[in-house]
1. Just to be sure, is residue 173 out of contact with any His (no Cβ under 6 Å at 6 or more places or on another chain), closer than 20 Å to residue 266 by Cα and at pLDDT 85 or above?
2. Hey, among 64, 68, which residue is out of contact with any Pro (no Cβ under 9 Å at 6 or more places or on another chain), basic (Lys, Arg), on the phi < 0 side of the Ramachandran plot and surrounded by 13 or more Cβ atoms within 10 Å (Cβ to Cβ)?
3. If you take the residues in segment 232-241 that are crowded, with 21+ Cβ neighbours inside 10 Å and in a helix (DSSP H, G or I), which one is modelled with the lowest pLDDT?
4. Is there any pair linking a residue in segment 88-99 that is part of a helix (DSSP H, G or I) to one that is not hydrophobic (A, V, I, L, M, F, W, C), with Cβ under 6 Å and at least six apart or on different chains, and which?
5. Please list, ordered by first then second residue, the pairs with beta carbon atoms under 9 Å, 6 or more apart or interchain, first in segment 287-303 and at pLDDT 65 or above and surrounded by fewer than 17 Cβ atoms within 10 Å (Cβ to Cβ), second outside any loop (DSSP other than H, G, I, E, B) and not charged (D, E, K, R).
6. On the basis of being polar (S, T, N, Q), farther than 19 Å from residue 46 by Cβ and buried (at least 19 other Cβ atoms within 10 Å of the Cβ), does residue 202 make the cut?
7. Checking residue 307 against (1) modelled with pLDDT under 75; (2) over 15 Å from residue 220 (Cβ atoms); (3) over 19 Å from the mean Cα position of the chain (by Cα); (4) of a type outside the set (A, V, I, L, M, F, W, C), only one condition comes out false. Which one?
8. Residue 347 versus (1) modelled with pLDDT of 80 or more; (2) in contact with a helix residue (DSSP H, G or I) (Cβ under 6 Å, 6 or more places away or on another chain); (3) under 24 Å from residue 42 (Cα atoms): which is the lone unmet condition?
Amino acid sequence: MTKKLWFQVGVGILLTLVIIRMFIEVSGIFSPLIIIAQTIFLPLLLGGVLFYLSRPLLGFVESRGWKRWTGILAIFVTVGVVLWIFSSMVGPAITKQVNAVVSDAPKITQDVEKMVDYALDQKKLLPKAIEQSIDNQSSKITEIAKGFGNWVVIFVQSFAQGLFALVLVPFFLFYILKDHEKFAPFIAGFFRGEQKTWIRKTLADIDGTLKAYIQGQLLVSIAVGVMLLIGYLIIDLDYALLLALFGTVTNVIPFLGPFIAVIPALVIGYVQEPQLALYVAIIMLVAQQIESNLISPNVMGKALDIHPLTVITIILAAGNIAGLWGIILAIPTYAIIKTILKNVYARRSEIKEAANSTVEEE
């Protein structure tokens, strides 16, 4: 029985749960390590993302005979030039629209409150159970509004921490670009023989999965942002550039990103002119259909091969467990685990076939 796969998997799960439980019991001992991990998490994550985005350029310049240091310098110069061009061309327009949103915020808030009050007035026409549910949600919204001041303080603190983290990103990016080829040999060095070969292959597959996800997600997000910007400009929606940029950023969240992006656009459209809210919904629907049926399949291919229902389930579970970061990191984490399990299954199949061949020869 100990050789059965289901038994080995069960034992592995139990041992993992025991280790997690023991770690929770003595978590105070590891608090300094946890603080260090939390400090370097964001800059390391951003550095890793920038590494996968800039690695094609590094490979291109090295194929032309450039040295690694020269290639890294070229990448930093390129990133600086891109940021400067973006800030010069788009920055003033975004700043203007942000200032307009801030100045128009009281009026927008009043219009939204009137819309909510009107909707609440109509609840009397609904069944009693639905009316009670609306009352419960209204009380929750009121509590959230009361805590808005605390949210602002938390946001400012998080923003300041984020700026500090951004200072560390170039350092992480530099060393990842410089020494990334040493990682796989270092890990594989702890193994021997066929296990070493399997480790190298698994790490290469994980690298390919992350590359496909990060580079593909960037191209898809930019494509969605451009489509939203074109659509918003066609209907002459206020703050079109700002809303399209928001849609580009939120698109990195699988499945939930489009729904998050459309909410402020719907509100702005309704306040500007009620029928624009319908146009905004149509634009978002068209953009997402083009993205899901044309852009994503051709950009990412079948590198991830994750069913939409699986994506929804993973995101909802990760959101409840780890909040926003869980939602953002759930899909790439799942893709990595899936890649590892595929390699484990393939390795087991090879071992079983080799054993059967040996038995037949005997």
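1. No; evaluated as a whole, the condition is false for this residue.
2. Values: 64 fails: surrounded by 13 or more Cβ atoms within 10 Å (Cβ to Cβ).
Just a single option satisfies the conditions, and that option is 68.
3. Our first condition is that a residue be crowded, with 21+ Cβ neighbours inside 10 Å; within segment 232-241, this holds for 232, 237, 239-240.
In the following step, the residues that additionally are in a helix (DSSP H, G or I) were identified as 232, 240.
Working: 232: 91, 240: 87.
The residue in question is 240.
4. Close Cβ pairs (under 6 Å, with a partner that is not hydrophobic (A, V, I, L, M, F, W, C)) amount to 97/239.
5. 290/223; 290/224; 290/227; 292/308
6. On the way: polar (S, T, N, Q): yes; farther than 19 Å from residue 46 by Cβ: yes; buried (at least 19 other Cβ atoms within 10 Å of the Cβ): yes.
Yes; evaluated as a whole, the condition is true for this residue.
7. (3)
8. All conditions pass for residue 347, except number (3).
The values are calculated or read from the model by the stated rules, or taken from the named source; none is laboratory data. Computed from a predicted model, the values in this text were never measured in an experiment. Counting neighbours? That spans all protein chains shown, and the Cβs are built from the backbone with ideal geometry, glycine included.
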